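Each reported figure results from applying straightforward, stated rules to the coordinates on display, with no laboratory input. In this text, all values refer to a predicted model and were calculated from it rather than measured experimentally. Ideal geometry is used to build each Cβ from the backbone, glycine not excepted, and the neighbour counts take in all protein chains shown.
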Amino acid sequence: MKNEKSAMYRRGRGWSPSTPLPFNPSQPARVAATGDGDIACGASEQEGRKTCSSVDDDKNMKMPQPHSHDPFDICPRPSPSKQTAATVVLKPPLLVTNRERRKQGGGPSPPQVVRPGMILLKSYISLSDQVSIVKICRELGMGSGGFYQPGYGDVDGEGAKLHLKMMCLGRHWDPLSSQYTDYRPSDGDKPPQIPPDFHRLVRDAIAQAQTLPPIKPDICIVNFYSQSGRLGLHQDKDESQESLRQGLPVVSFSIGDSANFLYGDSRDVDKAQTLELQSGDVLIFGGKSRNVFHGVSAIHPRTAPIPLLQQTNLRPGRLNLTFRQF
Ligand SMILES: O=C(O)CCC(=O)C(=O)O
């Protein structure tokens, strides 16, 4: 229901990225997960990156508000009754098994220039780093400023749609105003910091891509797409004019199920090209591609690496992290 507010929960607090990770997949989540909670948001070229609207949300509300988001666990512990079913679901198709065997044989492939300013690093993130990223995102996502459902859908039904859970690190990106803020207006939560290990991965990936300028990321938007998740074509253009002018790249990590990533020079889906992003891929777009329209049109079920699922309990779907410098 469009305007139905969820029950009030208090998220766990007290974890910072420098604290040793308390994650243990065999431990129950602090608060039960609440399902996929897909949302629909519109994207508006005039207004910025993405725009979600709610008929009765106060768009001018900037003061911290009491918590109003349900925690969302990207690595829920399967209930005993569902464990057998989960085992069946996780059995990989032959295609996936073969792909993983091939991947184990070699390291990351050389950077691929998708178009000027857009570089793809296939299989760049090692399995152990993917596992760490998932665990860190899971911990952060369950805490203050963690995953939430960022809106109630576009009012007029126009424009691109997105269906996902979101968490911001560093600064909050507010879908209602298309601006970055220090606190999340809907509940007053401050976004967690970007963990130091993420900075290292971003720095190394840009160096590997060779042709794009380095960034000091102060924003990371973490999206979790369920298997029906998607994100309409949009531009990332709410960063500072200086950042955009310099073409400082957006660095995107894909983990979990594969996705069809669309990109092009307009919001016209029919003119967009498609790239399949798989777990461990890093896509970097800056320079001439900094303002590229991009989105996600589909998630491919059961394509996540099996060892990743075994080591994290990552729920079906895809985790995506995009790092930016404001
Ligand atoms: O999930 C992706 O690959 C893209 C995410 C994205 O475009 C965004 O968060 O702005």
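Would you mind working out the magnitude of the charge dipole of the stretch 209-261 relative to its Cα centre, with +1 at each Lys and Arg C-beta and -1 at each Asp and Glu C-beta, to the nearest 20 Debye?
Working: 4 positive and 6 negative charges, 19 e Å.
So the dipole magnitude of the stretch 209-261 works out to roughly 100 debye.
With θ set to phi - 60°, apply the Karplus curve 6.51 cos²θ - 1.76 cosθ + 1.60 along the stretch 265-278 and write out the HN-Hα couplings as whole Hz, x wherever there is a Gly or Pro.
9, 8, 7, 6, 4, 5, 9, 6, 9, 10, 10, 8, 9, 10
For the stretch 205-217, in order, what is each residue's ³J(HN,Hα) by Karplus, 6.51 cos²θ - 1.76 cosθ + 1.60 with θ = phi - 60°, in whole Hz (x at glycine and Pro)?
5, 5, 4, 5, 5, 6, 9, 10, x, x, 10, 10, x
Looking at the stretch 153-253, which GluC sites (Glu not before Pro) are DSSP coil and have at most 11 other C-beta atoms within 10 Å of their C-beta?
Numbers: sites: Glu158, Glu239, Glu242; in loops: Glu158, Glu239.
In loop regions of the stretch 153-253 (DSSP not H, G, I, E or B), the sparsely surrounded GluC sites (Glu not before Pro) are Glu158.
Could you work out Rg/(2.2 N^0.38 Å) for the stretch 110-237, with Rg from alpha carbons only?
Details: Rg = 15.9 Å, N = 128, 2.2 N^0.38 = 13.9 Å.
Dividing the Cα radius of gyration by 2.2 N^0.38 Å gives 1.15.
Amide H to amide H under 5 Å from Asp174: which residues, 5+ apart in sequence or cross-chain, H placed 1.01 Å off N in plane?
Hits under the 5 Å cutoff: Gln179, Tyr180, Thr181.
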